[in-house]
Structure formats: C-alpha cells, structure tokens
C-alpha cells in the first residue's frame, strides 16, 4: 500500500529532550540546528530533519484552533486537530507531496509571517467548500518548558 511517504533508505528515531532542558525558543532552534548539522556530516547521510512525530505512526498531539471569520468559541468548544512541528526539509526528505501551496522554508521563522500546512482530512473537516490557501487559523502558542499554551 502506498502511504505517500518514502520508506526506503530512511532511518527514524526518538530523541527525548529532558523537561526544562530547552526553555527558550532560541535554545531549541540552536540545539536542533547543531544536531542536524552533525547528523548530515555523517558519511552516507543525505539529509537530516527533525519533527515532533514520525510520518504515519507518529505521536501527534492535539491543539485547539480557531478559523478567522467564524464566530469565536470558548476555549473548551474550539475544534482540536493533530499538530506537528517539523524542520523545513521534512516533506521533501520523506517524499511527502505538497498538493497545493508550498512547503516550509528556512525563512519561515519566529520573525516572519506564520504559516501552516494542513492535510486533506483537515480541509474536508474544517474548511469544506472554501479555498484553504485563503484561510487563516489561530493556534495556541506552545510555551517551551511548560505544558501550558498561550493564545497566538
């Protein structure tokens, strides 16, 4: 069965980072950049990426969100969807095809306009009958070193 994800010549692993070890976004970015540079320096490694879960079998966590232009909802009534953070080359590395729009780039960072990618299931469930590229969503912001979130 074609799952739409490259499975040959790919190694995935889990790297637990102790709670509180990386408490600032800048620390997190620097840590993962160094890690990916070291992994890509290993002979035979073509690309290295980081993500909060692996494709298909990953442990995605849910985040509440709102869709701009729809009536605001109390936090407990907001829809919840799987959420994953990935580095810019993630989709290319795993051969995941982007149907519309674009993949993430190095220029997509905390100082740039925030972007998100959604899958076809998300569009069917939450954006039926509208152009997903013309929509805006608001997702709670993750606070490093905390289980709490802030509205973003």
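The values are calculated or read from the model by the stated rules, or taken from the named source; none is laboratory data. Small disclaimer: the values here were computed from a predicted structure and weren't measured. We place every Cβ from the backbone using ideal geometry, glycine too, and count neighbours over all the protein chains shown.
Could you count how many residues in segment 36-46 are exposed (fewer than 14 other Cβ atoms within 10 Å of the Cβ) and under 18 Å from the mean Cα position of the chain (by Cα)? Explain how you work it out, then say what you get.
First, pick out the residues of segment 36-46 that are exposed (fewer than 14 other Cβ atoms within 10 Å of the Cβ): 37-38, 40-46.
Still in the list and also under 18 Å from the mean Cα position of the chain (by Cα): none.
Count: 0.
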Within segment 117-141, work out how many residues are loosely packed, with under 15 Cβ neighbours inside 10 Å, within 13 Å of the chain's Cα centre (by Cα) and more than 22 Å from residue 76 (Cβ to Cβ). 1
If the requirement is being at pLDDT below 85, closer than 22 Å to residue 22 by Cβ, surrounded by fewer than 14 Cβ atoms within 10 Å (Cβ to Cβ) and within 16 Å of the chain's Cα centre (by Cα), which of these qualifies: 110, 148? 110
Can you confirm whether segment 62-76 contains a residue that is closer than 25 Å to residue 16 by Cα and within 12 Å of the chain's Cα centre (by Cα)? yes
